[in-house]
1. By counting other Cβ atoms within 10 Å of each Cβ, how are T109, T325, T259 ranked from fewest to most?
2. Using θ = phi - 60° and the Karplus relation 6.51 cos²θ - 1.76 cosθ + 1.60, list the HN-Hα couplings for segment 75-81 in order, rounded to whole Hz, with x at every Gly or Pro.
3. Here are some pairs, K119/K373; K139/K187; K142/K203; K187/K373; which of them have Cα atoms lying more than 19 Å apart in this structure?
4. Short version: what are the Cα gyration tensor semi-axes of the chain, square root of 5 times each eigenvalue, largest first, in whole Å?
5. How much length is gained if the chain between Q94 and T363 is pulled fully straight, taking 0.36 nm per residue apart and subtracting their Cα-Cα distance, in nm to one decimal?
6. Tell me, F101, F147, F274 in order of fewest to most beta-carbon neighbours within 10 Å?
7. Can you pull the one-decimal nm distance between simple spin-label points at E342 and N196, each 7 Å off the Cα toward Cβ?
8. Given H placed on each backbone N at 1.01 Å, which residues far from D309 in sequence or on other chains put an amide H within less than 5 Å of it?
Amino acid sequence: MNKKISAAVASAALALGATSANAGIIIPAGEWTLDVNGNVNVYATFATYDDPTTATVTGGLAGTEEATSGEDNNQTIGTGLLPAWLGFTGTTRQNDLDVSFTISMQPNTSDNGVTGDSKGPLWRQAFITFGDKSWGSVKMGKDLGIFAGNAILSDMTLLGVGSNYANSGQSTTLGGIGTGYIYPAWKGQITYTTPNMNGLTAKIGITNPNQHDNAAGDGTHAAVSATRQDRFGVEGQVEYAFTQGKVWVSAASYDYQTTAADYEATAFDLGVNFNIGNLGLTGYVYTAEGAGTTVWSRYGATAAGKERDSDGGYIQATYVIPTGTKLGVAYGVSRLDLASGETNASLLDENRRWTVAAYHPLTKHLNLVAEYKNINSDAQDGAENESQALSLGAILFF
């Protein structure tokens with residue numbers, strides 16, 4: 001796959017060393033070169049739940065099947081964090097400009113409808129780029145957000161499952177989203193990226209103000225329909241890449257209006273990838289005000305517009321053994337604080353995740369994956385949900 005291919009597929013594979021990252025279906029077409037690319041992945045997941053009571057942590061990511069149905073286990077078949085993917089990227093050089101387009105769709109490899117036809121595909125990308133290595137490039141359209149983008153692309157569970165594995169037939173799981181970083185999401189944007197200056201690049205963009213997700217459910221949130229964003233979001237990143245890895249910082253800012261008050265959501269992060277021979281290390285931390293947890297702005301403020309602070313991060317280590325199998329272990333946490341003067345006992349305090357995994361290159365394009373994870377969710381009053389799961393499956397890149 002060449003450098004113009006989908007960031008969510010190619011960069012993910014490159015970040016994790018997938019064996020198929022250099023493969024694509026290249027089709028010359030007159031003045032254009034078409035790259036057809038993507039993946040198919042499928043996992044069988046076996047989960048168990050350890051809920052000591054019927055209490056459910058509001059905003060918790062640990063499975064609670066025992067509390068809701070009396071069962072203490074569950075099995076699912078579906079995709080992992082990275083959905084099945086079919087992408088089309090066209091590139092050309094015209095009038096001293098590199099011009100490209102990308103359109104992609106994400107079909108499902110499983111379904112929970114009685115006929116198997118209830119799920120529709122996702123549509124995560126439709127954008128154009130133009131530029132030149134002398135002055136940089138401009139992206140216009142829908143693509144992965146800038147803030148926390150490197151966090152998800154560096155997450156080893158992008159080639160696996162991670163959390164939110166309990167729902168049968170879903171389009172995608174959460175991986176490390178909500179247990180180490182906030183989801184960067186897929187956003188309409190206009191983003192400028194500088195040329196590469198000896199490894200240093202920067203990007204800044206304005207983003208579509210997607211519908212606010214201050215998820216109602218704990219009795220203190222503004223209704224989604226009563227909350228709106230009154231300006232473009234602003235996101236940016238500075239990255240320095242070197243021979244053995246990269247380091248980056250990014251930030252985001254959004255304004256919200258509710259029927260009761262206005263508030264601002266801001267977030268900052270810092271991450272590093274470092275590779276020494278067969279050993280790969282990743283560290284990531286973030287801090288935010290009003291941005292909430294898991295999904296941007298979820299549980300970010302009270303109905304009165306009082307911002308809640310949040311923070312978290314993850315550490316990850318991988319090692320490739322002589323058979324070519326990559327072994328990995330990761331720990332991540334996302335924390336949420338109550339607003340000043342707030343009393344909300346059931347609201348999330350902390351989501352935590354341990355993951356151990358193995359990725360074996362069966363062929364140049366096909367990787368077998370085995371992954372075990374333990375998820376804990378704690379409420380402000382100390383109530384806890386806990387679940388564990390084993391996922392076995394495969395991911396094929398082309």
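Readers should treat all values here as calculations from the given coordinates under stated rules, not as data from a laboratory. Keep in mind it's a predicted model, so treat the numbers as computed, not measured. Cβ placement follows ideal geometry from the backbone for every residue including glycine, while neighbour counts extend to all protein chains displayed.
1. T259, T325, T109
2. Computed from phi, the couplings for segment 75-81 are 10, 9, 10, x, 7, x, 4 Hz.
3. K119/K373; K187/K373
4. Output for the chain: semi-axes of 33, 27, 20 Å.
5. Separation in residues times 0.36 nm, less the Cα-Cα distance, equals 93.1 nm.
6. So the ranking, lowest neighbour count to highest, is F274, F101, F147.
7. Distance between label points: 4.3 nm.
8. G290, D337
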